[in-house]
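The values are calculated or read from the model by the stated rules, or taken from the named source; none is laboratory data. What you see is a predicted model; the values in this text were computed from it and never measured. Cβ coordinates were reconstructed from backbone atoms using ideal geometry, including for glycine residues, and neighbour counts include every protein chain displayed.
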Amino acid sequence: KAGVTQTPRYLIKTRGQQVTLSCSPISGHRSVSWYQQTPGQGLQFLFEYFSETQRNKGNFPGRFSGRQFSNSRSEMNVSTLELGDSALYLCASSLGASGGASEQFFGPGTRLTVL
Amino acid sequence: AQSVTQPDIHITVSEGASLELRCNYSYGATPYLFWYVQSPGQGLQLLLKYFSGDTLVQGIKGFEAEFKRSQSSFNLRKPSVHWSDAAEYFCAVGTSGTYKYIFGTGTRLKVLA
């Protein structure tokens, strides 16, 4: 069974631009979570989707948004990029019915660099 | 509020030595506990998980962890470390109904030949 895939793997953007990251979960998984990983803050939860509904959102500004499609694929968008948005963005999928009790499988991440 | 603490930022051990990585959590009910490993430039791989039952959990790559409710701990152990174990290790807590994990800040393991 294929794992979680994330595209693109690397991105370089400039301040003020916007970016869209994509995540394809493991087949059959209906939950997709997004995390931001930085050396200073570690792994921070962004949001979680299940069957196209956002069930939880972390403490990030409104510039960070996401959505999930009917095939469970998910995208996250960051508008008006800031230097501090440079990070590894990780997507994780799970069966999802049990929320935080579900085992999550992580993708390789998208490395975003903002110049 | 729920939290996870990994008190050791860096740990260095010699190849063949035993290893213990510490993890303490704060949560009112019984948590769902996980250990993940991350190699440089990679995503996270699940080593093991605890949901309920036997408090000693076996995982992949020869790792095990013990859940101690009285100490709010879930420490990761390995009897003999291999050079390929050098990586960053994350402890995480999942809670039913919140649909998210809370991660510790990670412990970076260095293995000396």
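A single entry from A:38, A:110 fulfils the requirement of being in contact (Cβ under 8 Å) with a residue 60 or more places away in the chain, of a type in the set (Val, Ile, Thr) and more than 8 Å from every other protein chain (Cβ to nearest Cβ): A:110.
Residue count for segment B:89-104 satisfying the condition of being surrounded by fewer than 17 Cβ atoms within 10 Å (Cβ to Cβ) and either in contact (Cβ under 8 Å) with a residue 40 or more places away in the chain or hydrophobic (A, V, I, L, M, F, W, C) (or both): 1.
Do we find that residue A:54 is more than 8 Å from chain B (Cβ to nearest Cβ), without any contact (Cβ under 8 Å) to a residue 60 or more places away in the chain and either in a loop (DSSP other than H, G, I, E, B) or surrounded by 16 or more Cβ atoms within 10 Å (Cβ to Cβ) (or both) in this structure? Criteria not met by residue A:54. All of (1) surrounded by fewer than 22 Cβ atoms within 10 Å (Cβ to Cβ); (2) modelled with pLDDT of 95 or more hold for residue A:30 with one exception: (2).
Looking only at segment B:26-57, which residues are touching a residue at least 24 places away in the same chain (Cβ under 8 Å), under 14 Å from residue B:103 (Cα atoms) and surrounded by fewer than 20 Cβ atoms within 10 Å (Cβ to Cβ)? B:26, B:27 - these are the residues of segment B:26-57 that are touching a residue at least 24 places away in the same chain (Cβ under 8 Å), under 14 Å from residue B:103 (Cα atoms) and surrounded by fewer than 20 Cβ atoms within 10 Å (Cβ to Cβ).
Out of all the residues in segment A:10-44, which are charged (D, E, K, R) and within 14 Å of residue A:106 (Cβ to Cβ)? The answer is none; no residue qualifies.
The criterion of at least 1 residues that are β-branched (Val, Ile, Thr) is met, among strands (runs of 3 or more DSSP E) falling completely within segment A:69-115, by A:74-78, A:110-114. Within segment B:30-59, the set of residues being closer than 29 Å to residue A:38 by Cα, more than 12 Å from the chain's Cα centre (by Cα), more than 10 Å from chain A (Cβ to nearest Cβ) and of a type outside the set (Ser, Thr, Tyr) comprises just one member, B:40. When residue A:22 is tested against (1) surrounded by 17 or more Cβ atoms within 10 Å (Cβ to Cβ); (2) among the small types (Gly, Ala, Ser); (3) within 12 Å of the chain's Cα centre (by Cα), just one condition goes unmet, and that condition is (1). Evaluated against (1) away from chain A (no Cβ under 14 Å); (2) touching a helix residue (DSSP H, G or I) at 6+ places or on another chain (Cβ under 6 Å), residue B:17 falls short on exactly one condition, (2). Of the residues making up segment B:49-65, those that are of a type in the set (D, E, K, R) and either touching a strand residue (DSSP E or B) at 6+ places or on another chain (Cβ under 6 Å) or modelled with pLDDT of 90 or more (or both) are B:49, B:61, B:64.
Quick one: count up the residues across segment A:66-115 that are under 30 Å from residue A:15 (Cβ atoms) and either over 11 Å from the mean Cα position of the chain (by Cα) or not small (Gly, Ala, Ser) (or both). The total comes to 29.
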